[in-house]
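None of the figures in this text is laboratory data; all of them are computed from the coordinates on show. Just so you know, these numbers come straight off a predicted model, no measurement behind them. Cβ atoms come from the backbone with ideal geometry, glycine included; neighbour counts cover every protein chain shown.
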Amino acid sequence: MTQPSRRTHPAALRRHAKITIAKNGFDMQRQDFHKLFKSPGPVVLPVIHVLDIEQTERNLRIAMQAGAPGVLLINHDISVEAFLPIIRSARARFPSAWIGVNFLAVTGKAAFPILGDLQREGIAVDAYWADDACLNELEPVGNQKDAAEIEAIRRTSGWEGLYMGGTCFKKQREVAPEHYEVSAQIAVSWMDVVTTSGIATGHAPELDKIEAFRRGIGNAALALASGITPENAPVFAPLVDCFIVGTGISFDGDFHNLDPERLVRLLAFTRGQGEIQCPV
C-alpha cells in the first residue's frame, strides 16, 4: 500500500502540532485534533456557501466574532474558477484565520494541485474537505487504487493542509449500512479526518451510522458534515470530534448567511463539553 507522508499543519495551526503518520495511514487521533483547535468538545467549523467576496467576508467575520475556531468555504453556486479569487481575498483579509475549502464534487485528484499552486502563491488553505474520498468498501485497505492515486497526487502537489475525506457521504455512491464500519476502518488509512454525513444537506444521520463509524475508526478523528443544529448536537457530541455545519446555523430560508445567534448557541454547547474520553 502507498504510505502517506509526514506533513505539518499550515498557517494558524503549524506552530501547534504535527500530524503523526502511522504505519498504515494518518494517525490523527481524537485528542490531537481537539488540541489543535483548543476545543474540549466537538470543533465547530461553520460552512460558508460563497456567492461573492463581500458575502463571504461578511460571514467569515460573523464566524470569527462568535468565536468559531475556523470556517469552511464551499462553491455551491459558482465555478471553481470564480471561487479562487474569493479564497485569495478571504485569506488576505483574514491572514491568521483557519480557512478550509470544498470544491463541490471535486475529488482530491483535481483539488490538491490547485491547492499546491495557491500555497506557492502564499495563499494558505488549511484544509480540503472532499465529498468523495473514492474508497471501495468491498476491497481491502491495501487495494484502494483511487485513494492511493489521490494520496500520490496530494504528496507531489506540495500542499500541506488537512484532508477531510467524505466517506459514505451524501449524494455519492450509496454504501449499504452493513458496510459503514468497514468503510470507516478503511478511511483512516487515507485521510486525516474521516468525514461522513446524513442522506442530504440539512439531514442528520441515523445515530446507528455514527456509532458504526466510531467502532470502525477507533480513536481517530471523526467529522460530521450535515444536519447538526444547536438542538441535536448533544446526541452526536460524545461520538464526533468536528461539526461541519451550514444550514443548521443559517437563517431560516437563507442558505448563504450565518445566523449569529444560532452559531453562538452551538459554540456555547460545545465549549461546555468536558474533555473527550478516549479508550485506553
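On full extension, the segment bounded by E81 and Q55 gains 7.6 nm, given 0.36 nm per residue less the C-alpha separation.
Take every Cα pair under 8 Å whose residues are at least 6 apart in sequence, average their separation, divide by the length of region 120-276, and the relative contact order is 17 percent.
Extension gain, A152-R265: 0.36 nm per intervening residue step, less the Cα-Cα distance, totals 36.6 nm. Treating r as the C-beta distance of N143 and L239 and R0 as 35 Å, the FRET efficiency rounds to 0.75. For the pairs K171/K209; K109/K171; K109/K170; K38/K109, flag any whose C-alpha to C-alpha distance is greater than 28 Å. The answer is K38/K109. In a reduced charge model with +1 at each Lys and Arg Cβ and -1 at each Asp and Glu Cβ, the chain shows a dipole moment near 1020 debye about its Cα centre. With 0.36 nm allotted per residue and the present C-alpha distance subtracted, the Q65-Q273 stretch has 72.8 nm of extension available.
Of the listed values [x] 13.0; [y] 16.3; [z] 26.2, grab the one calculated as mean projected area of the Cα convex hull in nm² from the structure here. So the calculated entry is the one marked [x]. Computed over neighbours whose Cβ is under 10 Å from that of D252, the net charge equals -1, Lys and Arg +1, Asp and Glu -1. So if a site counts as exposed when it's one of the GluC sites (Glu not before Pro), its DSSP state isn't H, G, I, E or B, and it has at most 15 other Cβ atoms within 10 Å, what's the longest stretch of the chain without one? That gives 1-173 as the longest site-free run. Here region 74-214 is assigned +1 on the Cβ of each Lys and Arg and -1 on the Cβ of each Asp and Glu. Its dipole about the Cα centre then comes out at about 520 debye.
Placing unit charges on each Cβ (+1 for Lys and Arg, -1 for Asp and Glu) gives region 70-121 a dipole about its Cα centre, and among L115, V80, P95 the Cα reaching farthest toward its positive end belongs to P95. Counting Lys and Arg as +1 and Asp and Glu as -1 over every other residue whose Cβ lies under 12 Å from the Cβ of V182, the net charge comes to -3. Annotation for region 175-238 versus region 26-97: alpha-carbon center distance of 21 Å.
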